[in-house]
Amino acid sequence: MAEVTTNRTIAKNTVFLYIRMLFAMAVSLYTSRVILDVLGVDDYGLYQAVGGVVAMMSFLNSALSHGTSRFLTFELGTGNYERLERTFSSVMTAHILLALFIILVAETLGLWFVRNKLVIPEDRMEAAIIAYHFSILTTVIHIIQVPYNASIIAHERMNVYAYVSIIDVVLKLLICYLLKIGGFDKLALYAMLLCGVQTCVALIYRIYCVRKFSETHYRPMWDWSILKGVLGYSGWNLFANTALALVTQGASVLLNMFFTSATVTAMSISNQVNAAAQQFVNSFRTAANPQIVKKLAVGDKEGSQRLLLVSTKFSFYLMLLLSLPIFLVCDELLAIWLKEVPAYTNVFVRFTIVTCLFQVFDTSFYTALYAKGRIRENALISPSILFILFPIVYVLFKLGLPPTSLSIGLLVAYAILGLIVKPMLIVKIADYKWRDILQVFVDCLKVAVAAVILPLVLYHFSDSWSGGSHIVRFLVMGFVSVLCVCASVWCLGLTREWRRKVISFVRSKIHQKAGR
């Protein structure tokens, strides 16, 4: 009965998160097109470069936010509300101190780097510096908001995200309008307006948390008995997030040093596709992860493992459902989405989409270590691979190789992490069985191979049956790809038990509507 309740909770929260994601994605596609058109390729790439400097310095926040989310969820699972309140206030104090540290570093060393190392035209330096200062403020607001967002996730109030996302995307639509009519410098105005949106969204989340969750009534405190565990956990995460900042945000900075702003824009567009794809899957993972942690907190190790393995397969199926059509209709999608498509964008996007499939295993299996509270080994091994990648790509760029070298390196790195490193760690640390992990890989491989055969054949002969029409090719290839993935998942990816559950669920919903 408990498992049924868990599944219903995950399903309900997944629906709310997907409503949020689909609405945000639709508006994001439109706003990206407008903003790229208004700012221009060069200014858009310039914003990504200066924003990347700030984001690289905020890797400390990523490390601390993982610890905050894990410990708040764990304490809520144990039911110790007094310790939950002390945990929230203590981690909030830690985030405030971190925000002050980020301001200090960003306004000194970071500012020097922007002025002296980034390739910025002299006539755009003033606007770039204004955008940089607003990027710092936006990051600081995000940092001190983390404990409140973690509380919402811990309480599994995913519907709140769906509702607030409507406000978020409406405000971003307003940005598009103001950029078109505003008389200020477009780059500086864009950074200022994004900061305003982040402030509004943070206030809404904070007001909700304070009204609904008693533990979010912040009292300045520093409980070392609690923070020792959180900071110890986050300390091991620090190395991992430093490496992640290098290969994600650092990539924009690195490309700016060797190539044009247009190349940075191309990578930024592929990063948006990556973020959308990850959000598509993480909406499901965000709904499942709290239950995985809570099951382990009450001693149900078998239930926690079973839920993680099943959710990993479904995460891969969801990513494949999104990745295959994007890969095949990439050129048509970019042409419809953007007025001006920078060079290398389609190549970056295709590499990114394939990389996303391997990232599913890396991210999903990490949840087992996250739930266990044992991330030391992962923090030493996984980031080392990413650290090695960064200087290798730097050398390749120095030797004159194209910017796609970065995409190839990321693909190889995440394949190693998802297929080798993470499985070895969860077997050793979290007592998972190799046969169960290999079964997940086999199921995912069968579904992927079966799903791509027909779409690839159609793609090969697309010029003959589409008559050269990009719209026809986009619609047919998209529809066939989605249909093939769904059919493959149904026939090969689901057990008889799961197919029976799906059929039973659909029938019950039909009967409910018929009885009304």
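Taking 20 Å as the straight-line reach from the Cα of Lys117, the aspartates and glutamates in range (excluding those fewer than 8 positions away in the same chain) are Asp42, Asp43, Glu107, Glu126. Sort out for me the Cα centre separation of segment 390-439 from segment 116-185, rounded to whole Å. If you average the Cα positions of each part, the centres end up 31 Å apart.
Residues whose amide H lies under 5 Å from that of Tyr432, counting only those 5 or more places away or on a different chain, are Val427; hydrogens are built 1.01 Å from N in the peptide plane.
Relative protection proxy for 125-135, 352-362, from highest mean packing down: 352-362, 125-135 (other beta-carbon atoms within 10 angstrom).
By the compact-protein rule of thumb, 2.2 N^0.38 Å, the alpha-carbon radius of gyration of segment 399-470 corresponds to a ratio of 1.69.
What is the sum of charges, Lys and Arg at +1 and Asp and Glu at -1, for the other residues whose Cβ falls under 15 Å from the Cβ of Thr363?
Numbers: positive: Arg70, Arg285, Lys313, Lys422; negative: Asp362.
After counting each charged neighbour, the total is +3.
Based on C-alpha pairs under 8 angstrom that are at least 6 apart in sequence, segment 282-436 has a relative contact order of 27 percent.
Straight-line cross-link reach from Lys339 at under 13 Å between alpha-carbon atoms covers these aspartates and glutamates, not counting any fewer than eight positions away in the same chain: Asp37, Asp331. Within the straight-line cut-off of under 16 Å between alpha carbons, the lysines reachable from Lys186 are Lys172, sequence neighbours fewer than 8 places apart in one chain being disregarded. Note on segment 436-505: with charges restricted to the Cβ of Lys and Arg (+1) and Asp and Glu (-1), its dipole about the Cα centre is near 240 debye. With all pairs of separate Cα atoms included, segment 436-505 yields a Kirkwood hydrodynamic radius of 13.7 Å.
Taking the square roots of five times each eigenvalue of the Cα gyration tensor of segment 124-223, the equivalent ellipsoid has semi-axes of 30, 17, 8 Å, listed largest first.
Over segment 75-185, the hull volume per residue, using the convex hull of the C-alpha atoms, is 131 Å³. Across all directions, the average flat footprint of the convex hull enclosing the Cα atoms of segment 266-349 is 6.1 nm². 3J(HN,Hα) along segment 494-503, derived from phi through the Karplus expression 6.51 cos²θ - 1.76 cosθ + 1.60 where θ = phi - 60°, amounts to 10, 6, 4, 4, 5, 5, 5, 5, 5, 4 Hz, with x in place of Gly and Pro. The alpha carbon gyration tensor of segment 340-484 gives principal lengths a ≥ b ≥ c with a/c of 1.5 or higher and a/b no greater than b/c, which makes the shape oblate. Using θ = phi - 60° in the Karplus curve 6.51 cos²θ - 1.76 cosθ + 1.60, the 3J(HN,Hα) couplings for segment 213-218 round to 10, 4, 6, 8, 7, 5 Hz; x is entered for Gly and Pro. In order along segment 439-456, phi translates into HN-Hα couplings of 5, 4, 4, 5, 4, 5, 5, 4, 5, 5, 4, 5, 6, 8, 4, 5, x, 5 Hz, rounded to whole numbers, per the Karplus curve 6.51 cos²θ - 1.76 cosθ + 1.60 with θ = phi - 60° and x for Gly and Pro. Around the amide H of Asp185, modelled in the peptide plane, lies no amide H under 5 Å away from a residue 5 or more places distant or on another chain. Relative contact order for segment 436-505: 46 percent, from Cα pairs under 8 Å spaced at least 6 residues apart, divided by residue count.
The numbers here are math on the coordinates, done by the rules we state, and not lab data. Nothing here was measured: the structure is a model prediction, and the numbers come from that model. So basically every Cβ, Gly included, is an ideal-geometry build from the backbone, and we count neighbours across all protein chains shown.
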